[in-house]
Every structure is written in C-alpha cells, then in structure tokens.
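Note sheet for the following structure.
Bear in mind these aren't lab numbers, they're just calculated from the coordinates by the rules spelled out. Keep in mind that this is a model prediction, so the values were computed, not measured. Cβ placement follows ideal geometry from the backbone for every residue including glycine, while neighbour counts extend to all protein chains displayed.
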Amino acid sequence: MEELLQEWDGEFVVCRYDDRTGARLFVAVHSTRLGPAAGGTRLKAYPKAADGARDACRLAAAMTLKMAVAGLPMGGGKSVLALPPDAAALSPIERRHLLTTHARTLEALHGTYWTGPDVGTASADMDVLRETTRHAFGASTAYGGSGSSAPDTAVGVFYGIQASLRHCFGSADLAGRRVLVQGVGAVGWRLVELLHQSGAHVIVADVAFDRVERLYESLDVEVVAPASVIGTVCDVYAPCAMGGVLDARTIPALRCRVVAGAANNPLSEPADADLLRERGILYAPDYVINGGGAIHLIGYETLGWSAGQVAEHLRGIGSTLVEIYERAEKESVSTATAAEQLAAARLAGA
Ligand code: NAD
Ligand code: PPY
C-alpha cells in the first residue's frame, strides 16, 4: 500500500466495506482535468484488498490517457469491487446488495465520477446501479442506457489490428493472416467474428472451455490451450482477457509480429514496451486500441452522437495508431512512449 501511495499521481480514492459480502469497494478518480472522471466497475476476487486498490488506481490512470487520446471530454477513473479470495459465487441478493452499496458511493460523488461495465459486470448490473444513481453508463436501453459497449470495443480493436498490419506488412489485408485471440468473452467473441469475416485464420484460447467449444462449433477457428498462447506462432496476438500478460518472462517467448488487443494494462510494467520494441514486435497501446467502449458510452450517452458519428470515431482509432507508430519511429521511442506523448499534449492543452 505504501508503494501504491508513492507511485500514484491521481486525485482521490474512496474506500468502502460491504459487510454482507466482505467486499472492499474502491473508486479511484485519477483525473478530472478534461471533465468528470469515467471508467468501468470491475468485480472480482483479489488475494488481498490492497491488490484491488492497486488495480483500481492503475486502471483509473489508463482511463485518463484513454479519454485524452480518444478526444473525449472526460477524465479517468475506475471502480473495483474486491471480493475476498475465498468468496463463493454471489447470490443474486448479495450481488444486488453489493451493487447498491456501490451506487450509494457514486451518488455521494455527485457526478465527479461516472461508471460503466468492466470485467465481472455487465449491462444488467448497470441497471441495478441506475435504480439508485444516474451516474452509470452502459445500462440496457430499457433503463435509458446505450447497452453493452463490448461490440464497439471489438470494432475499434479490429480497426487497430488493420492499422498495425498496414504499418508492419504494408497491407491491412487480413486474408490468411494468423490472429490469436486470447479470451473470447464479450469483446473477444465479437472480434473473432469480425476477423473471421475478413478471411483471417483465427486462433482462440479461453480458460472457459464451454465458450471455446461453442465458438468452435459455430466458426472455423483453431483452438490452443490457454497455457500455449505465448509461444504460438501468429502474425497478431490479441490479448482480450486479463492484464499483466506481458513481462520479462513472456515477451522473449512471443512468436508474433504485432500485439494488438482489448485487454487493459497488458504490460506488467512500463519497461515491457521497450522489451517489445527491442524484439521488433509492434505494440498497439492498450488504451488507444481499446477506446471503442468509451467512445460508445460517452458518445451515445453524453455527447448525443448518432450511430454514424460513433462509427466514424471508432474508425479514428486506426488513424490515431498510425500517428503513434509514425511518431515512435521518427523519435526512436516505444509506441507506449509515443502514445503517452500524444495524451500528455492533449491534457496540457486542456
Ligand atoms: P469478459 O469477462 O467478457 O471476457 C474475458 C474472457 O477472458 C472470458 O471469457 C474469460 O474466461 C477469459 N479469460 C480469463 N482469463 C483467461 C486466461 N488466462 N486465458 C484465456 N482466457 C482467459 O471481458 P470483456 O468485456 O470481453 O473484456 C476483455 C478485456 O478487454 C478486459 O481486459 C477488459 O478490461 C478490456 N476492455 C473491455 C472493454 C469493454 O467494452 N468490454 C473496453 C475496454 C477494455
Ligand atoms: C474501459 O474502457 O476500460 C472502461 O472502463 C469502460 C468505460 C468507459 C467509459 C465510461 C465507463 C466505462
């Protein structure tokens, strides 16, 4: 915790305890420089409550960069509802209780922070939050929300993969390209469909074997075991599960040319971007390529955009990546550094 306090440069963190589930609730507001902070609510078990707080702070900082790079008038924040490590699956009543406790915190923040879905939560959970607070994006349309942001996140990642292929191989054509999607959940599943439609050879892995099985039955995909992902030969590795998959141990074992996926914080530490660069692997910074969810939620629910305007901004993810790749080459820095420079310029201009 001491280390976290020293390294985090955000505005504030709210912490609350839910006695019914034993969960610790954290809301981390990293920056309100560009507007009210926004970022999803992550619900999962953590070994220690402090791990949940660290996740909330790191993810909130990435949201600040995501909003800045996407040109959205919002700041960065994130919530973590950290269940105890040995927690049994929540009953519907416990889940509702936990979400309502969270909603009371959001209400107390008076719109300084707006939430939305993240790993472990979905539109149905935002519907529950909306019963107590209006500061939740991504509720179902029946509750006045814009529904799941995951399909648009996948569309943004798809454009990002095309831009990365163009930069690496001189052509964005996916036909015959080997793309490995790690995690076929809400985002990964849709991404697989888009890649498949474009003629890519799609390889999938997921710890939830029933999902892989269903996908395998409906589309012509290759399946690899979750433990074999890192060493699998492919053109593009698209991490679409949890963060922290790339580090000093896994990067030397990668056998891909591009890393471009939806997962937030796939790098274990900032220096990992340099390791990728040294290996000649093109890295699409996470908060740039996965900005489609934020574009969907903020575009529809705050900015009143039409579907056409949202689509145009999703396509913009590809152009932003091209700008970042060109800047990285010109200045001989990693793509992560080039993306940070772009975000810093936008934040400074606010
Ligand atoms: P999800 O929970 O629906 O899907 C994640 C999938 O990954 C699940 O099917 C899960 O079984 C699988 N998985 C977990 N650990 C794995 C492992 N070790 N190996 C292989 N598969 C594993 O989540 P999602 O909404 O699809 O989000 C995926 C990632 O994208 C997350 O990191 C999330 O933060 C990020 N993201 C999502 C959105 C969005 O709009 N949903 C927006 C931006 C970023
Ligand atoms: C993310 O993109 O990582 C999110 O957390 C989704 C989101 C984006 C903007 C507002 C709320 C949730």
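Odds and ends about this structure:
- Residue in the range 85-100 that is crowded, with 23+ Cβ neighbours inside 10 Å and more than 18 Å from the chain's Cα centre (by Cα) present: yes
- Selected residue [out of contact with any helix residue (DSSP H, G or I) (no Cβ under 9 Å at 6 or more places or on another chain), surrounded by fewer than 23 Cβ atoms within 10 Å (Cβ to Cβ) and more than 20 Å from Cys168 (Cα to Cα)] from Ala225, Ala307, Ala253: Ala225
- Taken over the range 287-310, the criterion of being away from ligand 1 (no atom under 16 Å from the Cβ) and either part of a helix (DSSP H, G or I) or in contact with a Ser or Thr (Cβ under 9 Å, 6 or more places away or on another chain) (or both) is satisfied by Ala307, Gly308, Gln309.
- Only one of Gly116, Gly138 that is within 15 Å of Val29 (Cβ to Cβ), within 13 Å of ligand 1 (Cβ to nearest atom) and out of contact with any His (no Cβ under 7 Å at 6 or more places or on another chain): Gly116
- When Gly188, Gly176, Gly138, Gly156 are checked against the criterion of being crowded, with 17+ Cβ neighbours inside 10 Å and in a loop (DSSP other than H, G, I, E, B), Gly138 stands alone in meeting it.
- Counting the residues of the range 230-244 that are within 16 Å of ligand 2 (Cβ to nearest atom), assigned to a loop (DSSP other than H, G, I, E, B) and in contact with a strand residue (DSSP E or B) (Cβ under 6 Å, 6 or more places away or on another chain) gives 2.
Table: residues versus (1) assigned to a helix (DSSP H, G or I); (2) more than 27 Å from Pro239 (Cα to Cα).
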{"position": "Pro85", "(1), (2)": "no, no"}
{"position": "Leu98", "(1), (2)": "yes, yes"}
{"position": "Asp125", "(1), (2)": "yes, no"}
{"position": "Val128", "(1), (2)": "yes, yes"}
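- Scanning the range 183-235 for residues that are within 9 Å of ligand 1 (Cβ to nearest atom) and either small (Gly, Ala, Ser) or in contact with a Lys or Arg (Cβ under 6 Å, 6 or more places away or on another chain) (or both) yields Gly183, Val184, Gly185, Ala186, Gly188, Ala205, Ala208, Ala227.
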